[in-house]
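I have placed the structure first, in the form of structure tokens, so that the comments after it can refer back to it.
The values are calculated or read from the model by the stated rules, or taken from the named source; none is laboratory data. In this text, all values refer to a predicted model and were calculated from it rather than measured experimentally. All Cβ positions, even for glycine, are placed from backbone atoms using ideal geometry, and neighbour counts span all protein chains on display. Just so you know, the surface numbers come from the protein's heavy atoms only, side chains and all, with ligands and any DNA or RNA stripped out. Shrake-Rupley method; radii C 1.70, N 1.55, O 1.52, S 1.80 Å.
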Amino acid sequence: MRRYLRIVVLCLACGFCSLLYAFSQLAVSLEEGAGGGGGKPQAEAVSWLRGGGRGAARGAGIADLAAHPGGSHRCKDFSLCYWNPYWMLPSDVCGMNCFWEAAFRYSLKIQPVQRIHLAVVACGERLEETITMLKSAIIFSIKPLQFHIFAEDQLHDSFRGILDNWSFLQTFNYSLYPIIFPSENAAEWKKLFKPCASQRLFLPLILKEVDSLLYVDTDILFLRPVDDIWSLLKKFNSTQIAAMAPEHEEPRIGWYNRFARHPYYGKTGVNSGVMLMNMTRIRRKYFKNDMTTARLRWGDILMPLLKKYKLNITWGDQDLLNIIFFHNPESLFVFPCQWNYRPDHCIYGSNCQEAEEEGIFILHGNRGVYHDDKQPAFRAIYEALRNCSFEDDNIRSLLKPLELELQKTVHTYCGKIYKIFIKQLTKSIRDRYDRPPKER
């Protein structure tokens, strides 16, 4: 029985080889016909598989593909399957050779590098803050970063000089943009709250080729990889388009629930200093609103909102975002307070439970606390990262002196819980820099 089975397998193998040979001969005949009657010299249609044979000189073809990734190939992108059989291929597709080329091109196709897109808006005296924020993102992140920096014209040369000096890291790219507002209302948008702050509202309309984006204020410091907050995009349900943290955890000290004269999201509003966006969804969505029964797209809703509420809003663009998500609560993903930890979370005693348990993931030094003595714990973290270089040893040695500085802040409420400031930072440094390079 086994002998008969072996004979059957051998016959099938021979039949398959004969079929391949027949197809190869058919391919050659098609190729010769295309070369003789097409009116173009054969040389013009040379495939990246040099030699024109059945796999000859594939090494040269691979090199050619790498050298000319966007070039035209005689082997066009046709699906070689039962509804595109060889005998129905166009004359400029080379039959059997195309079968092999397609296989090699698929295996060699260079997948686009998946970058994390990070945006920031810098005006006035915010250069140092912004550079420190970008440095913290680079130090801990795993995937390559793409920075989108919107800045006043006079800051561009300074950004360029510093970031070009970091090019040896090869872990980020950056693009610099001027401050851009709709021309008919530019002056009104620019003076809203703080200079340039409302620029973030227009990012989905400016960065049209960017699918998803993490926007952060200049006074943000990353204490764990940006990759981790970026991964929250996968947790969005089908209706969610953006993610932010609550403005307050404790309603008794909340601002929106006590003072706001406009609608706001949830019980205490949301803070827009760290805002994760699926911008494709934002651009496509039609938003419910209290100005018209018709739903409006992002680019159509902003100016009418400002006109209606400009005398009632205090925090500018953040208030407008709260109004939008008040009417569209299903569109917002709310992440915990440790992703946007501010002095409000400890100034009157600790009220961010997630940070107490896992540490602070992203530090937000709003109200200028990096530059005064009101919250020395925040300032200590900022100065440690500002003065840190990119050398591995320098980053590893950051923790000891930082902890000593934080111990000097225990006379403040935030300083009393200083360990939550370095809990995640310690883990991030160990994970990123204490492991062998292959394990990082």
Whole-Hz ³J(HN,Hα) for each residue in the range 291-302, computed from phi via Karplus 6.51 cos²θ - 1.76 cosθ + 1.60 with θ = phi - 60°, x for glycine and proline: what do you get? 10, 7, 6, 7, 7, 10, 7, 4, x, 9, 8, 5
Size of electric dipole in the range 343-434: Cβ of Lys, Arg +1 and of Asp, Glu -1, about Cα centre, debye, nearest 20: 200
For the range 116-335, what class follows from the C-alpha gyration tensor (a ≥ b ≥ c being the square roots of its eigenvalues): rounded when a/c is under 1.5, otherwise prolate if a/b is larger than b/c, else oblate? prolate
Could you compute the FRET efficiency for Y413 and S212, with r as their C-beta to C-beta distance and R0 at 30 Å, rounded to 0.05? 0.25
Give the average over all directions of the projected area of the C-alpha convex hull of the range 343-434, one decimal, in nm². 5.6
Measure of exposure for R367: accessible area at 1.4 Å probe, Å² rounded to 10, is 150
I need the Debye-formula profile for the range 211-335: one equal scatterer per C-alpha, no solvent, reported as log10 I(q)/I(0) at q = 0.18, 0.22 1/Å, two decimals. -1.03, -1.43
Antiparallel content of DSSP bridges confined to the range 116-335, in %, to 5: 40
Sort 416-423, 228-235 by packing, meaning the average of other beta carbons within 10 Å per residue, with the highest value first. 416-423, 228-235
The range 319-440 - percent of accessible surface contributed by carbon and sulfur, probe 1.4 Å: 50
Please give the residues of the range 131-149, grouped as numeric ranges, whose backbone N is less than 17 Å from a label point set 7 Å along the Cα-to-Cβ vector of K234. 142-144
Can you give the charge dipole size of the range 178-246 about its Cα centre, rounded to the nearest 20 debye, using +1 on the beta carbon of Lys and Arg and -1 on the beta carbon of Asp and Glu? 120
Pulled fully out, how much extra length does the chain show between V334 and F259, if you take 0.36 nm times their separation in residues and subtract their Cα-Cα distance? 24.8 nm
